[in-house]
1. Given (1) hydroxyl-bearing (S, T, Y); (2) surrounded by fewer than 17 Cβ atoms within 10 Å (Cβ to Cβ); (3) touching a Ser or Thr at 6+ places or on another chain (Cβ under 9 Å), where does S67 come up short, assuming only one miss?
2. On the given criteria, is I10 β-branched (V, I, T), modelled with pLDDT of 90 or more and within 11 Å of the chain's Cα centre (by Cα)?
3. So how many residues does region 3-16 have that are in contact with a helix residue (DSSP H, G or I) (Cβ under 9 Å, 6 or more places away or on another chain) and not in a helix (DSSP H, G or I)?
4. State all residues of region 17-73 that are outside any helix (DSSP H, G or I), among the hydrophobic types (A, V, I, L, M, F, W, C), in contact (Cβ under 8 Å) with a residue 12 or more places away in the chain and over 23 Å from V6 (Cβ atoms); if no residue qualifies, say none.
5. Could you check how many residues of region 61-81 are within 16 Å of V36 (Cβ to Cβ) and not acidic (D, E)?
6. Say whether the condition of being crowded, with 18+ Cβ neighbours inside 10 Å and of a type in the set (F, W, Y) is met by at least one residue in region 6-18.
7. Report, by residue number, each residue of region 74-102 that is within 13 Å of the chain's Cα centre (by Cα), part of a helix (DSSP H, G or I) and in contact (Cβ under 8 Å) with a residue 40 or more places away in the chain.
Amino acid sequence: MKLRTVRYEIFSLKDALRSIAQYLCSKNVKPLKDFVTTDSKTSPLFSRTKDKYRTPLEIADGIYTESNLNASGITNTCRRLLDIYDIEYDEVKIYLQKIAKH
């Protein structure tokens, strides 16, 4: 995966989500923390409490999201993260590796 000019080796979409969040938070964690503070839904997209999720995934220091999602759900969570930071979707590229036939 490539986010702007940084490359990450990922093995799943969960890894992509975690990598995107860690990259963004390393630059500035405030937008995500502000979003967590203002998201008062019963099932928030991101939370400081991992008990709110069936399968919590820590995406940043003390910030969790649900990881028990299908590919579309994880992709939507990645998009939401990019929206919070006002990053264009085309700044993220995920490369697929061809699986060898046996």
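1. Result: S67 fails condition (2) only.
2. No; evaluated as a whole, the condition is false for this residue.
3. To start, the set of residues in region 3-16 that are in contact with a helix residue (DSSP H, G or I) (Cβ under 9 Å, 6 or more places away or on another chain) comprises 3-4, 6, 8-10, 12-14, 16.
Among the residues that remain, those that are also not in a helix (DSSP H, G or I) are: 3-4, 6, 8-10, 12.
Number of matching residues: 7.
4. L45
5. Going through region 61-81 one residue at a time, the tally reaches 7.
6. Taking every residue of region 6-18 in turn, none turns out to be crowded, with 18+ Cβ neighbours inside 10 Å and of a type in the set (F, W, Y).
7. Scanning region 74-102 gives I74, T75, T77, C78, L81, L82, I84.
The values are calculated or read from the model by the stated rules, or taken from the named source; none is laboratory data. Everything quoted here is computed from the prediction, not taken from an experiment. Every residue, glycine among them, receives a Cβ derived from its backbone with ideal geometry; neighbour counts consider all protein chains shown.
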